[in-house]
Amino acid sequence: MPFEVLVAKPRGFCGGVEMAVDTVQAVLELWGPPIYMKHKIVHNDYVVQYFQGKGVTFVETVEEIPQGAVAVFSAHGSPPQDYEIAESKDIEVIDAICQLVMKVHLEAMKYAREGYTIIVVGHHDHIEPRGVLGRIPRPQRRFVETVEEAKTVQVLNPNKVVRLTQTTLSEDDVEDVTRVLRQRFPKLLERKDICYATDNRRAAVKELTKRAELVLVVGSEESSNSKRLREAAELYGAKEA
């Protein structure tokens, strides 16, 4: 039985990931292998395997990188202590942090200096919030994923609370949690940290579900974006996703 294949637009990697991929390519050309990459450059097995074939070794901690090596820090962002360890080991660091993630880091530092309790909304199993939380003094930082956690989170001063978000979430992902926080902390400041590429691709999936019964999301099990797109397809009515 003939069928039609529809292709989402926009699709593919966001600008931050493209920049990170280009960065690793450039580092390989300038320094040559071996190159070390702290965390996967992108949660995509094909890209990771390609770079492994070029002489890139992927590690999860700076401690795994040899003394004096060349290393790229991933687009997801890193906490300050990773840079300190790298400096102590004379590691040449090239930072491929996404510019939007960097914006969240700067916001975290700004509000910490101003005495706010900073609530970071994100997924516990995702690497990005670790870097953001690392920018905030422990007494001022809180991490929330669920509505239940939002109902019980404690702050230093209910009149000085700011909400930051993991960039790979969507507005729908954070709305229920944020609604609870607004009710509990009426003076809550909300920073807009959602990546526009995430929302654009979610909108593209919504359009696909109007015309398609089956939506295929091509991505990795580790990818937060891929998971969110699959969930969006199911939410908007695809029979399977």
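Considering only protein heavy atoms and a 1.4 Å probe, what is the carbon-and-sulfur percentage of the accessible area of region 37-106?
Numbers: 1650 of 3190 Å².
C and S atoms contribute 52 percent here.
Ligands, DNA and RNA are left out, and with a 1.4 angstrom probe the accessible area of region 176-220 is 63 Å² per residue. Please name which of Q166, A204, L216 has its Cα lying farthest along the dipole of region 149-241 towards the positive end, using unit charges on Cβ (Lys, Arg +1; Asp, Glu -1) and the Cα centre as origin. Highest projection toward the positive end goes to Q166. Helical runs assigned H by DSSP (4 residues or longer) give the chain a calculated mean residue ellipticity at 222 nm of -13000 deg cm²/dmol, each run adding -39500 (n - 2.57) before division by the residue total. For L156, the amide hydrogen comes within under 5 Å of the amide hydrogens of T117, counting only partners 5 or more places away or on other chains and with H modelled in the peptide plane.
Here the 3J(HN,Hα) profile of region 84-93, calculated from phi with Karplus coefficients 6.51, -1.76 and 1.60 at θ = phi - 60°, is 5, 5, 4, 5, 5, 9, 6, 8, 7, 9 Hz, Gly and Pro shown as x. Averaging 1/r over each pair of different alpha-carbon atoms in region 103-163 and inverting the result gives 11.6 Å, the Kirkwood hydrodynamic radius. The heavy atoms of E4 present about 140 square angstrom of accessible area, all protein chains included, probe 1.4 Å.
The fraction of all Cα pairs in region 80-199 landing in successive 5 Å bins from 0 to the largest distance is 2, 11, 22, 23, 20, 11, 6, 4, 2, 0, given as whole percents. Using all pairs of distinct alpha-carbon atoms, the Kirkwood hydrodynamic radius of region 1-146 works out to 16.8 angstrom. In this structure I97 has an accessible area near 10 Å², from a 1.4 Å probe over the protein heavy atoms. Quick one: Debye curve from the alpha-carbon atoms of region 152-234 only, equal weights, vacuum; give me log10 I(q)/I(0) at q = 0.11 Å⁻¹ to two decimals. Those come out to -0.40, one per q.
Pull out the extension gain between Q99 and Q81, defined as 0.36 nm times the separation in residues minus the alpha carbon to alpha carbon distance; nm, one decimal. Walk me through the numbers before you get to the answer.
Numbers: separation 18, 0.36 × 18 = 6.48 nm, distance 1.97 nm.
Result for the pair: 4.5 nm of gain on full extension.
Here the Karplus relation 6.51 cos²θ - 1.76 cosθ + 1.60, evaluated at θ = phi - 60°, turns the backbone of region 207-218 into coupling constants of 5, 4, 5, 6, 10, 10, 8, 10, 10, 9, 9, 8 Hz, with x for every Gly and Pro. Per-residue Karplus couplings for region 25-37, computed as 6.51 cos²θ - 1.76 cosθ + 1.60 with θ equal to phi - 60°, are listed in order as 4, 5, 5, 4, 5, 7, 9, x, x, x, 10, 10, 10 Hz, Gly and Pro entered as x.
Here the spin labels are modelled as points 7 Å beyond Cα on the Cα-Cβ line, and at L214 and L106 they lie 4.6 nm apart.
Sorted largest first by accessible area at a 1.4 angstrom probe radius, with every protein chain in place, the residues L28, L189, L216 fall in the order L216, L189, L28. Each residue was assigned an accessible area with a 1.4 Å probe, and for E60 the value is about 100 Å².
The values are calculated or read from the model by the stated rules, or taken from the named source; none is laboratory data. Since the structure is predicted, the reported quantities are computational estimates derived from the model, not experimental observations. Every residue, glycine as well, gets a Cβ built from its backbone with ideal geometry; the counts of neighbours run over all protein chains shown. Areas reflect the complete protein model, heavy atoms only, side chains present, ligands, DNA and RNA absent. Shrake-Rupley method; radii C 1.70, N 1.55, O 1.52, S 1.80 Å.
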